[in-house]
1. Aspartates and glutamates near residue 191 by alpha-carbon distance under 13 Å, same-chain residues fewer than 8 away left out - which ones?
2. As an exercise, use a Förster radius of 56 Å and the Cβ-Cβ distance of residue 635 and residue 42 to find the FRET efficiency, rounded to the nearest 0.05.
3. In what order do 672, 292, 206 fall by count of nearby beta-carbon atoms within 10 Å, going from fewest to most?
4. Can you count the Lys pairs in the range 322-462 whose Cα atoms are under 24 Å apart, with each pair 8 or more apart or on different chains?
5. Please compute, for the alpha-carbon atoms of the chain, the extent along each of the three principal axes and give them in descending order in Å.
6. Set the Förster distance to 45 Å, then compute FRET efficiency between residue 334 and residue 107 from the Cβ-Cβ distance, nearest 0.05.
7. Across the range 577-587, in residue order, what do the Karplus-derived ³J(HN,Hα) couplings come to in whole Hz, using 6.51 cos²θ - 1.76 cosθ + 1.60 with θ = phi - 60° and x for Gly and Pro?
8. Which distance in nm do the two modelled labels at residue 57 and residue 511 give, with both placed 7 Å along the Cα-to-Cβ direction?
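Nothing in this text is a laboratory measurement; each read-out follows from the coordinates by a stated rule. It should be emphasised that the depicted structure is a prediction, and the values quoted were computed from it without experimental measurement. Using ideal geometry, Cβ is built from the backbone for each residue, glycine included, and neighbour counts are taken over all protein chains shown.
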Amino acid sequence: MPKRPERPAKPKPALPSAAEVMEFIANSPGTVAKRDIARAFELKGADKIGLKKLLKEMAGAGQLMRRRKQVSVKGKLPAVGVVEITGEDDGELFGQFIGEDGQQQGSKLLIVPGEGRSPKMGDRCVAKFEVLPRHAGFTHQAKIMRVLPKGAGRLLGVLQLIKGKGGRILPVDKKAKLEYQVLAGDEGEAKSGELVAFEITRQRGFGLPAAKVVDCLGDMNDPRNISLIAINQHDIPNRFPERVLAEAETLKVFAGAGREDFTAIPLITIDPMDARDHDDAVFAEPHGDGGFKVIVAIADVAHYVLPGTALDKEARLRGNSVYFPDLVVPMLPERISNDRCSLREKELRPALACVMLFDRSGHKISHKFHRVAMRSAAKLAYEEAQAAIDGRRGDKTDGLLEGVLKPLWAAYRCLKKAQDKRSPLALDLPERKIILDEKGNVSKVVVPPRLDAHRLIEEFMIQANVAAAEELERRRTPLLYRVHESPSPEKVKVLSTFLRTLGRDWAMGQTMKPSQFNKLLESVKGADFEQIVHEVVLRTQMQATYKPDNLGHFGLALARYAHFTSPIRRYADLIVHRALITALGFGEGGLSGDDIANLEDTSEMLAMAERRAMLAERETKDRLIAAWLAPQIGATFHGKISGVVGAGLFVVLDGSGADGFVPVAGLGRDYFVYDEVAHALRGRATGETFQLGDRVEVKLLEVAPVKGGLRFEVVSDGRAGKPPKTLRKGKRR
C-alpha cells in the first residue's frame, strides 16, 4: 500500500518584534495580558518564554509598563474615560481624551453617539474607547456612554473687579500659570471676591488671555464654599435628578416578610461618632474548642436599588460617596443612605449576613451567607466601645459588656493570630482629621487615636469580603474584585538601589510578599532613617482598584478579595451583593444581564470615580488648611520632607499635616544637585544634604488659599555630607 504523503509542517510562528508588540498593545483599548499577546501572535509552549524575555527587556528599556501579568504602553487610552467634543466635520463629531489632570491629551477621536442625549460641541462625556483600523484621519473612536452635566470640567477661579475696567480671574487650579483678563461687561452679575465658573474667549495674542464669567458659585471668603471648588472642578455629581429623588420616596418601609429572622441576635454597629449611615453590624460568640462564630450583617441595598432603575443608574454614575470636612456627597439619596438602608438602632432592616466559623488559631473553617431581617441592638462609637473594654463604664455599654463586647474582643484576638501569620503590609499611617467650627472655618487638625475597636471592625470586614469572593468564585458567578497588585520589578529595583545608599542590603527574592517589606520595616526600627524607609516603601506600592479578573490583594496578603461591606457608599459592593443574591437564589435584586455584560466598563468607571474622589477630598483639605495658615505668614514651623524633585522640596508640617513647597532657591546659597536614587538634594560646594524623610524647620513665605498652595524656605541646616563627585547623574538647579 503506497504511503500517504506527509503533510507539510505548519510553519512555526516567529517571535514578534518589539515594534509589533508595541503596535498590538497600543491598538488594544484597556489592559492587555501576556496571554493576549501570545494568542495574537500564535505563540505556544517554549515560545512563550521568548515572549516573556522580550517583554522584560522592553520594560527595562522604558518602552512598556508591566503590572504582574499585564502590560501597557505609556500614554495609551484606557478602556473607559472622559472625552471632550472639540469639533465637527461633514456631520461627524470628533473630540479629545481628557486626562486625570483635566487637560486634553493625544490625537483626535471619532465620536460615536450612544443612547440618551446626543453630545454637542464643548460637552464632556464618559466614553468607551475602541480601535478604528480603517477610517481616514482617526485611529480610535469614542462610544459615548453618558454626557456629563454641563458644569463638568468647567474652569473655576476667583474674580477680582477693577471699577469700570472689568477685572481679572485667578484660577483655582494649582497648575494654572496665568491669570485671565475679564473685559468690562463680561463679568455678568458676579461680584469681586466671588468664586466663578468661566470660559476662555481669547487664548492667544498680546497680554493676558481673556475670559468671560458664565456662573457665580458664591463668596470665596465663605469657607462653606470651598468644597464647591472640588465638586465643580472634578465633575462630581452633587444634585440628584428629580426622578431619582421621586423613586427613593416611593420605596416602602421594610416589613421583614420572607426573610430568615436574625432579630433575636444582638448585632451592634460600631462607627465613627459623627456617622449618619450604618452599613455593617457585628456579633461574635465562642464556638468549638477555642474557636469563634462571627456574624457580619451588611445593609441589603440591593433590596431597594434594583438594576436598571433611576436610583441604580445614578449610583453607578457617582460610583461612591465623597467625604469633605463640611459635607458629604452621597452615592444614594438620604432617604436610602440615612434611612431605609441604614442599620439604625432598634429598627427592623433588611441585610445580607455572613456567618463565619473560625478555629482556635483564627483560621476560617467555613462561612455561609443569609438574606435576613435584623434589628441593631445598639449604635456605638469606636471610642464608646473601646472605653467599655478598657474598664471605663457608660450607661449605654454596661448592659452590652459581658454578652456582646467582650466576646467581640475575644474573637478579634483569635483572628489576629491568623492575621499576624498572614503578615499583611504593616504601613499603619496616621490619618489627620480637620475639625471645623460653626462657621465652617478650621478649628484644629487632629490625628484620632488608632484603637483596637477600629482594628476589630476592619478585620471582621476583611474576613467577610474574603468570604464573598470565595463564595462567588466557587459558584462561578461574575463579580468585581478589589485588586492590589504586587509592586512592579522596576519599583522594587529602585527601592533596593535606594537602600544601598543607606548601607542596607535587601534580598528581594523571586516572588515579592508583604512579609518581606515588613521585615525590612522592622529592621530599620529606631534608626535615623526609619521614616524615610517607610516613605519609600509606600511609594513602591501599586494603587488598589477594581477588576472583573482576580489579581489578588498584595497589601492584605490575600489570594482573592472583594468589597462587600459598604454598599451604601460604594457601587462595587452593590454589584457583589447582587452577585451573591443570584448565586444563592435569594430572590429579587440579583445581577442583571447588563450588570454582567458591563463589568469591565463598570470597573473602569469606578476606578475613575475613586481617583476623582481622592483628589477632590485632598485638594479641599489643602485649601481649608491654607486659609487657616494665611494669617501666619512669616511664622516658622517644624516638619518633614515628604518629596524631593529637581526644583525643590515638598514639606509636611507637624500637627496640621499642611503640605507646601520649598523652591531650591530657598535652601541656601549653595548650588544643589538632585540625587534621584537617594531622593535628596545635595550642595555642590558643601555637601549639605536634604533628603526625603529629614526633619526641617521652615518659614512660611506665601499662602494661596484659592489654590491650596503654601511656599516655604528652609531655616534649619541640612545634614552634613560629601559634595557630589559629578553632576552627570543628577539634575541641576
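1. 215, 219
2. The value I calculate is 0.25.
3. Placing the least packed residue first, the sequence is 206, 292, 672.
4. 18
5. If we take the Cα atoms of the chain, the spans are 100, 76, 63 Å.
6. With R0 = 45 Å, the Cβ-Cβ based efficiency is 0.55.
7. Once rounded to whole Hz, the list reads 4, 4, 4, 5, 4, 5, 4, 9, x, 8, x.
8. 2.8
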